[in-house]
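Visitor: Just passing along the structure, written as structure tokens.
The values are calculated or read from the model by the stated rules, or taken from the named source; none is laboratory data. As the structure is a computational prediction, the values presented were derived from the model and not from experiment. Neighbour counts are summed over all protein chains in view; Cβ atoms, including those assigned to glycine, are modelled from backbone coordinates with ideal geometry.
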Amino acid sequence: MVSNRYAVMESLNKITISAGALRHNFAVCRHHAGDAGILAMVKADAYGHGMIECAGIFVEEGAVALGVAEVVEGIKLRKAGFTVPVFILAGIINQTSQAAVENNLTPVVVDNSALGELNKYARRAGKEIDIHVKLDAGMGRQGTLPEGIVALVKEIDAYPCLNTKGVLAHFPMADDRQSSNSDDVLETFSSTARLIEKEIPHHCMYHIANSGGLFYVRGAQFDMVRPGISLYGCYPDGETGRQAATKNLLKPAMCFTTSVIQVRNVDKGVGVGYGHSFFTGRPTTVAVIPVGYEDGYLRKLSNTAQVLINGHRAPVIGRISMNLTLIDATDVGPVNVGDQVVLLGPQGSEEITADEIAGWMDTINYEVLCLFGHMNDRVFID
Ligand SMILES: *Cc1c(COP(=O)(O)O)cnc(C)c1O
């Protein structure tokens, strides 16, 4: 249940975000970053963790810049009072140029199509603005290829109110440590940087590393790094990364909890929930929880996911409905209405990770965090 101004009380379903974990993860990233500055990625409402609160923590910890995808997100940061550079990483188009300039956001441009508008609004505002250029160094998604980059930088610098301040690229598979792709992309990025430095007299800054680049690709730091998922306590390669890490472990910042709202003793051989997709194979204690697919607990998790009750794992049985899910709580000891149920996070000595849920959902931890965080009330704890 998403909060709104008509909310009258706290929802039973709650996302808690640990500020301490966020600070710890920032410190781990800083350790890997060396002398490079940290641009903290807070797009997608900080991967579901709350953009304004997270940005506040990361800036306090020393982030030199913040990164979002779209101008509207950047405006929210400015309205909240942030003064550090805010990068619009999905790029600027004509329609978003004015708002980007007026809110002092740092435009990332992918080609020359919005330069005229950017220059126009910069001139109107009586200022010069810093532009960062997105190079496609092998991502194959967005940006300008290496052969076009010098011309683009020269075109930017020919506008009186625009200055190329940086060149960035993005790794397509930095999370895959077995792949040689990142070394190829890094080489393309480095050689393009050398070419720019040779052809164009002023110095720009260079940045390429996402979390995978920062943790796994040697020499990818350059002037600035752009971690996202690692700030929130997950590894870009999920459980593989967590298992392989030996020190400075990242701490997951998000937990998702709810409460039992009914306990039922169900006979053997009873079909439970929509479609009777599960029949009890024994007399079963069923705990009902007020979580469903509207809370991001996807129907795909039916008959698959596990939750924690009394510090023990208990399986989801039957179909997840819009607002209700059934748990086989037979083996977890006494269960009562009001007891805490953990869907994501630790309880006792057990823990359910975003990676594990991602496995059940056939996706990646990023999507689990966005989904749960966007669809539920959040509280910050320290
Ligand atoms: C999202 C994003 C990042 C951060 O990626 P993570 O894998 O979450 O660390 C960095 N750079 C760009 C351009 C991005 O879009």
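Visitor: Among the candidates 225, 153, single out the residue that is buried (at least 17 other Cβ atoms within 10 Å of the Cβ), more than 16 Å from the ligand (Cβ to nearest atom) and at pLDDT 95 or above.
Guide: Step by step, each of 225, 153 is checked, and only 153 is buried (at least 17 other Cβ atoms within 10 Å of the Cβ), more than 16 Å from the ligand (Cβ to nearest atom) and at pLDDT 95 or above.
Visitor: Among the residues of segment 268-279, is there at least one that is within 25 Å of the chain's Cα centre (by Cα), of a type outside the set (Phe, Trp, Tyr) and more than 20 Å from residue 16 (Cβ to Cβ)?
Guide: No, the conditions are met nowhere in segment 268-279.
Visitor: Being free of Cβ contacts under 8 Å to residues at least 24 places away in the same chain and among the hydroxyl-bearing types (Ser, Thr, Tyr) is true for just one of 363, 353, 330. Which residue is that?
Guide: Answer to the selection: 363.
Visitor: Among the candidates 319, 313, which residue alone is within 21 Å of residue 353 (Cβ to Cβ) and at pLDDT 95 or above?
Guide: After ruling out the rest, the residue left standing is 313.
Visitor: Can you work out which of the residues in segment 137-146 that are more than 30 Å from residue 240 (Cβ to Cβ) and in contact with a helix residue (DSSP H, G or I) (Cβ under 9 Å, 6 or more places away or on another chain) is nearest to the ligand (Cβ to nearest atom)?
Guide: 144
Visitor: So which strands (runs of 3 or more DSSP E) stay within segment 307-382 end to end and still have 3 or more residues that are within 20 Å of the chain's Cα centre (by Cα) and surrounded by 15 or more Cβ atoms within 10 Å (Cβ to Cβ)?
Guide: Where strands (runs of 3 or more DSSP E) fall fully within segment 307-382 and carry at least 3 residues being within 20 Å of the chain's Cα centre (by Cα) and surrounded by 15 or more Cβ atoms within 10 Å (Cβ to Cβ), they are 340-347.
Visitor: Another one. Report yes if some residue within segment 94-103 is in a loop (DSSP other than H, G, I, E, B) and buried (at least 16 other Cβ atoms within 10 Å of the Cβ); otherwise report no.
Guide: Looking through segment 94-103, at least one residue is in a loop (DSSP other than H, G, I, E, B) and buried (at least 16 other Cβ atoms within 10 Å of the Cβ).
Visitor: Looking at 207, 170, which one is of a type outside the set (A, V, I, L, M, F, W, C), within 15 Å of the ligand (Cβ to nearest atom), part of a strand (DSSP E or B) and out of contact with any Cys (no Cβ under 8 Å at 6 or more places or on another chain)?
Guide: 207
Visitor: Right, another one. Kindly indicate the residue of segment 73-84 that is in a helix (DSSP H, G or I) and touching a residue at least 12 places away in the same chain (Cβ under 8 Å) and also nearest to the ligand (Cβ to nearest atom) among those meeting that condition.
Guide: 73
Visitor: What are the pairs, 6+ residues apart or on separate chains, where a residue within segment 34-52 that is part of a helix (DSSP H, G or I) and modelled with pLDDT of 95 or more has its Cβ under 6 Å from a residue that is of a type in the set (Gly, Ala, Ser) and more than 13 Å from the ligand (Cβ to nearest atom)?
Guide: Every condition considered, the pairs that remain are 48/373; 52/80.
Visitor: Given the options 49, 24, name the one that is within 13 Å of the ligand (Cβ to nearest atom) and crowded, with 17+ Cβ neighbours inside 10 Å.
Guide: 49
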